[in-house]
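Q: Following this message is one structure expressed as structure tokens.
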Amino acid sequence: QQQVKQSPQSLIVQKGGISIINCAYENTAFDYFPWYQQFPGKGPALLIAIRPDVSEKKEGRFTISFNKSAKQFSLHIMDSQPGDSATYFCAASMTYTGNQFYFGTGTSLTVIP
Amino acid sequence: GAGVSQSPRYKVAKRGQDVALRCDPISGHVSLFWYQQALGQGPEFLTYFQNEAQLDKSGLPSDRFFAERPEGSVSTLKIQRTQQEDSAVYLCASSSGSNTEAFFGQGTRLTVV
């Protein structure tokens, strides 16, 4: 059973546009929600993360929006650049499991120049 | 080193062969995780160590998979009698504590032929 559901599977955006990736979860015990960026042949790298006590977190061009009541969170990439082309994974974890991450299935983002 | 180091980067094994995958976490990180990432999928949890203690091995797919971290630093994931379905990228991650950023290595790509 997929603990975290992610959509879309793939996304093509023009340079300068906004990329939006959505995730949903069921387990209300989750209390940490990171987004990871993965380039081919590399391990996932943390992009930005949020905890459920805030509804939005922004770091540069990357913003997480978090809706606790709907159990949904999303990643917005503003002014998307070709260098942002990668696979993005949302994840969730709960403190008492020691930070085991439950990952979404990934979104392959392509930013067209 | 500065990051999580995994070796080998690539491993080709004949079906039935035993393999050992090594992970050197970031120095001082108490938490260590192993994940399995199938092609085009998100990482899936295998096992978790806190120092030398294996606190969760619920994700190990069969008794052919075994992990250890005897001195609380370097970890080894061993797969006995490899099968074709074991072909995947095996990722190691470490973190300094619960619900803190996890840093991933580049992974070991295992191909069973």
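The values are calculated or read from the model by the stated rules, or taken from the named source; none is laboratory data. In this text, all values refer to a predicted model and were calculated from it rather than measured experimentally. Every residue, glycine as well, gets a Cβ built from its backbone with ideal geometry; the counts of neighbours run over all protein chains shown. With ligands, DNA and RNA removed, areas are computed over all heavy atoms of the protein, side chains included. Shrake-Rupley method; radii C 1.70, N 1.55, O 1.52, S 1.80 Å.
Q: Determine whether A:Phe89 is touching a residue at least 12 places away in the same chain (Cβ under 8 Å) and closer than 30 Å to B:Ser7 by Cβ.
A: So A:Phe89 fits the description; yes.
Q: Another question, then. If the Cβ limit is 9 Å and pairs must be 6+ apart or interchain, which residue in segment B:91-113 that is within 7 Å of another protein chain (Cβ to nearest Cβ) and in a loop (DSSP other than H, G, I, E, B) pairs with which residue that is among the acidic types (Asp, Glu) and open to solvent by 10 Å² or more (accessible area, probe 1.4 Å)?
A: From residues that are within 7 Å of another protein chain (Cβ to nearest Cβ) and in a loop (DSSP other than H, G, I, E, B), the pairs are B:Asn99/A:Asp31; B:Gly105/B:Asp24.
Q: Please go through segment B:4-29 and give me each residue that is open to solvent by 40 Å² or more (accessible area, probe 1.4 Å) and of a type outside the set (Lys, Arg), ordered by number.
A: B:Ser5, B:Ser7, B:Pro8, B:Tyr10, B:Val12, B:Gly16, B:Gln17, B:Asp18, B:Ala20, B:Asp24, B:Ser27, B:Gly28
Q: Which of the residues belonging to segment A:52-107 are of a type in the set (Phe, Trp, Tyr), within 14 Å of chain B (Cβ to nearest Cβ) and not in a loop (DSSP other than H, G, I, E, B)?
A: A:Tyr88, A:Phe89, A:Tyr96, A:Tyr102, A:Phe103 - these are the residues of segment A:52-107 that are of a type in the set (Phe, Trp, Tyr), within 14 Å of chain B (Cβ to nearest Cβ) and not in a loop (DSSP other than H, G, I, E, B).
Q: So which residues in segment B:45-63 are out of contact with any Leu (no Cβ under 9 Å at 6 or more places or on another chain) and within 7 Å of chain A (Cβ to nearest Cβ)?
A: Those that are out of contact with any Leu (no Cβ under 9 Å at 6 or more places or on another chain) and within 7 Å of chain A (Cβ to nearest Cβ): B:Phe45, B:Leu55, B:Asp56.
Conditions tested, residue by residue: (1) aliphatic (A, V, I, L, M); (2) under 10 Å from the mean Cα position of the chain (by Cα).
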residue	(1), (2)
B:Gln6	no, yes
B:Arg9	no, no
B:Ala20	yes, yes
B:Ser31	no, no
B:Gln36	no, yes
B:Gln41	no, no
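Q: Please verify whether A:Gly83 is open to solvent by 10 Å² or more (accessible area, probe 1.4 Å), closer than 22 Å to B:Gln41 by Cβ and free of Cβ contacts under 8 Å to residues at least 40 places away in the same chain, treating the condition exactly as stated.
A: Judged against the criteria, A:Gly83 is not a match.
Q: Still on this structure, I have one more. State the number of residues belonging to segment A:39-66 that are closer than 28 Å to B:Trp34 by Cβ and open to solvent by less than 40 Å² (accessible area, probe 1.4 Å).
A: 9
Q: Oh, and also: If you go through segment A:18-38, how many residues are at pLDDT 95 or above, closer than 27 Å to A:Gln81 by Cα and open to solvent by less than 20 Å² (accessible area, probe 1.4 Å)?
A: Residues flagged as at pLDDT 95 or above, closer than 27 Å to A:Gln81 by Cα and open to solvent by less than 20 Å² (accessible area, probe 1.4 Å) within segment A:18-38 amount to 5.
Q: Does at least one position in segment A:5-25 carry a residue that is part of a loop (DSSP other than H, G, I, E, B) and under 18 Å from B:Gly42 (Cβ atoms)?
A: Yes - at least one qualifying residue is present in segment A:5-25.
Q: For residues that are in a strand (DSSP E or B), open to solvent by 40 Å² or more (accessible area, probe 1.4 Å) and either within 14 Å of another protein chain (Cβ to nearest Cβ) or in contact with a Pro (Cβ under 9 Å, 6 or more places away or on another chain) (or both), tally how many sit in segment B:64-90.
A: 0
Q: OK, next. Counting just the residues of segment B:64-73 that are of a type outside the set (Gly, Ala, Ser) and in contact with a Leu (Cβ under 9 Å, 6 or more places away or on another chain), which one comes out nearest to B:Arg109 (Cα to Cα)?
A: Checking each candidate, the answer is B:Phe65.
Q: Kindly indicate whether A:Ile77 is within 28 Å of B:Val89 (Cβ to Cβ), of a type in the set (Val, Ile, Thr) and out of contact with any Pro (no Cβ under 9 Å at 6 or more places or on another chain).
A: yes
Q: May I pose another question? Given the conditions (1) over 15 Å from the mean Cα position of the chain (by Cα); (2) not in a strand (DSSP E or B), and given that A:Val111 satisfies all but one, which numbered condition is not satisfied?
A: Just one mismatch for A:Val111, condition (2).
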